[in-house]
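Structure record follows, encoded as structure tokens.
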Amino acid sequence: MSTLSLPRPGQGVWPGLFTAPRSPMRARIAEALFRKAVRSLHVTVQFPDGRTWGAGGPVMRIVRPGEFFHRLGADAKIGFGEAYMVGDWVSDELADVLSVFAAKLSTLIPPRLQLMRRWAERRQTEVNDVAGSRQNIHRHYDLSNELFAVFLDETMTYSSALFEGGNADLRTAQLRKIDGVLDYAGVRSGSRVLEIGTGWGALAIRAAQRGATVTSLTISAEQRKLALDRVRAEGLHDRVTVELRDYREEHGRYDAVVSVEMIEAVGAEYWPDYFSMLDRVLAPGGRVGLQAITMPHDRMIASKASYTWIHKYIFPGGLIPSVRSIEESVRDHTRLRIVETRSFGEDYAETLRRWRETFLTRWDEVRELGFDDTFRRMWEFYLAYSEAGFRVGYLGVQQFGMAERLGH
């Protein structure tokens, strides 16, 4: 599982994807369970012969029922998304359909049958040590800078914007989000700032424009290259340094530490290292600004070892933390306390909707980069499924401001 190499421009290779697993017994069980699951859901499942299942709602069209149920029977957590990638099912209302299923995919099999399946369910094997983290990040963030430029706004910010209930343009909402993190970390003129996870440089540039000096860490060579170009274009190369370095290798001293949606790639095993590092590099009186995608604690515990479609195709080795797990990590591994928080999950749903709309509208430009139609369906599913998760509250996003505990 962890050795899957996703296609890059010009390759168009999808090993084994178009051959549906074959197990007639599992397929029959999957069909029966799926029919029972959708019976009361507000979705319309249409079949080629005119049959429909569900209680009515956004339409999911099953194009190849046999292949669909074989994939679902082999592994529901991966087969559902793979079936969309190859066209076994389609929808003109993808995010709406997935919103119905967002909280149901993990319970498609009744609890009494879960124990019977656990022996066959695949488990995560990606590791997040220094070498493993580089490989995991490479598989997503090094796909192509040009790809991300197609659907992101001009700040090249690949994390939730903060609309605050308004209808702001995406660039304005992204800068509002960045300012929120910098404010939580107390970044101002003269601040020495460490950023963990450079992205394409938007936060480092914004901090430098406040008069701070920034050391930004990334393990993505492609992101570093473009981030440095953007820093130079802004005339801030004397204030911003971008290092190709893992967070565990950092030993400087800073007035502020900021990190936006990087903790999801750390892995629970390494949360103590991550939070201890925040504590270690922070100068007396310093502050931390952290943004994280989150999920309810019970769901995090239940899914932390699972190997899902998202792991296989989008974010290998990832684990979304809960608010509770972050609070406990701060308490147990730092001298810090959380002093401010902000939650804006609905804004992430809107961010993803805009990304997906732009991605599809500008698909011809992505195709020109060498990506094929299977990649298009994969990314459409990824963006729509993520949007659905935030819509229904299965996922959230939080900003945390941290300062020293009283008495330290």
Checklist entry - Restricting the search to the stretch 29-83, which residues are on the phi > 0 side of the Ramachandran plot and touching a helix residue (DSSP H, G or I) at 6+ places or on another chain (Cβ under 7 Å)? => result GLY54, GLY57
Next on the checklist: Can you find a residue that is surrounded by fewer than 24 Cβ atoms within 10 Å (Cβ to Cβ), assigned by TED's automatic domain parsing to the domain that holds GLY289 and closer than 25 Å to SER325 by Cα anywhere in the stretch 211-223?
Outcome noted: yes
Next on the checklist: Which pairs turn up if I take residues in the stretch 355-370 that are in the same structural domain as ALA149 (by TED's automatic domain parsing) and look for partners that are in a loop (DSSP other than H, G, I, E, B) with beta carbon separation below 8 Å, at least 6 apart in sequence or on another chain?
Outcome noted: TRP355/LEU152; LEU369/PRO9; LEU369/SER144; GLY370/ARG8; GLY370/PRO9; GLY370/GLY10; GLY370/GLN11; GLY370/GLY12
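Taking the options GLU357, GLU327, GLU346, GLU350, name whichever one is surrounded by 19 or more Cβ atoms within 10 Å (Cβ to Cβ) and either of a type in the set (Val, Ile, Thr) or in a helix (DSSP H, G or I) (or both). Write out each step before concluding.
On the way: GLU357 fails: surrounded by 19 or more Cβ atoms within 10 Å (Cβ to Cβ); GLU327 fails: surrounded by 19 or more Cβ atoms within 10 Å (Cβ to Cβ); GLU346 fails: surrounded by 19 or more Cβ atoms within 10 Å (Cβ to Cβ).
Being surrounded by 19 or more Cβ atoms within 10 Å (Cβ to Cβ) and either of a type in the set (Val, Ile, Thr) or in a helix (DSSP H, G or I) (or both) holds for just one of GLU357, GLU327, GLU346, GLU350, which is GLU350.
Residue-wise test of (1) within 12 Å of the chain's Cα centre (by Cα); (2) farther than 18 Å from GLY186 by Cα; (3) assigned to a loop (DSSP other than H, G, I, E, B).
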{"position": "LEU278", "(1), (2), (3)": "no, no, no"}
{"position": "ALA283", "(1), (2), (3)": "no, no, no"}
{"position": "GLY289", "(1), (2), (3)": "no, no, no"}
{"position": "ASP298", "(1), (2), (3)": "no, yes, no"}
{"position": "ILE301", "(1), (2), (3)": "no, yes, no"}
{"position": "ILE310", "(1), (2), (3)": "yes, yes, no"}
{"position": "PHE315", "(1), (2), (3)": "yes, yes, yes"}
{"position": "LEU319", "(1), (2), (3)": "yes, yes, yes"}
Checklist entry - Any residue at all in the stretch 391-405 that is over 30 Å from GLY289 (Cα atoms), touching a residue at least 60 places away in the same chain (Cβ under 8 Å), touching a Gly at 6+ places or on another chain (Cβ under 8 Å) and outside any strand (DSSP E or B)? => result no
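Pick from LEU203, LEU182, LEU175: which is hydrophobic (A, V, I, L, M, F, W, C), surrounded by fewer than 21 Cβ atoms within 10 Å (Cβ to Cβ) and in a helix (DSSP H, G or I)?
Within the list LEU203, LEU182, LEU175, the selection yields LEU175.
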Next on the checklist: Given the options ILE205, ILE196, name the one that is without any contact (Cβ under 8 Å) to a residue 40 or more places away in the chain and either in the same structural domain as THR351 (by TED's automatic domain parsing) or under 19 Å from the mean Cα position of the chain (by Cα) (or both).
Outcome noted: ILE205
Checklist entry - Does at least one position in the stretch 306-314 carry a residue that is at pLDDT below 95, in contact with a Lys or Arg (Cβ under 6 Å, 6 or more places away or on another chain) and surrounded by fewer than 19 Cβ atoms within 10 Å (Cβ to Cβ)? => result no
Next on the checklist: With the requirement that a residue be touching a helix residue (DSSP H, G or I) at 6+ places or on another chain (Cβ under 8 Å) and part of a helix (DSSP H, G or I), what does the stretch 330-343 give you?
Outcome noted: VAL330, ASP332, HIS333
Checklist entry - So which pairs qualify, if the first residue must be in the stretch 151-177 and in the same structural domain as GLY201 (by TED's automatic domain parsing) and under 18 Å from ARG391 (Cα atoms), the second must be among the polar types (S, T, N, Q) and part of a helix (DSSP H, G or I), the Cβ gap must be under 7 Å, and the two must be at least 6 apart or on different chains? => result SER160/THR351; ALA161/GLN174; ALA161/THR351
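The values are calculated or read from the model by the stated rules, or taken from the named source; none is laboratory data. Everything numeric here is computed off the predicted structure, so don't read it as measured data. Cβ coordinates were reconstructed from backbone atoms using ideal geometry, including for glycine residues, and neighbour counts include every protein chain displayed.
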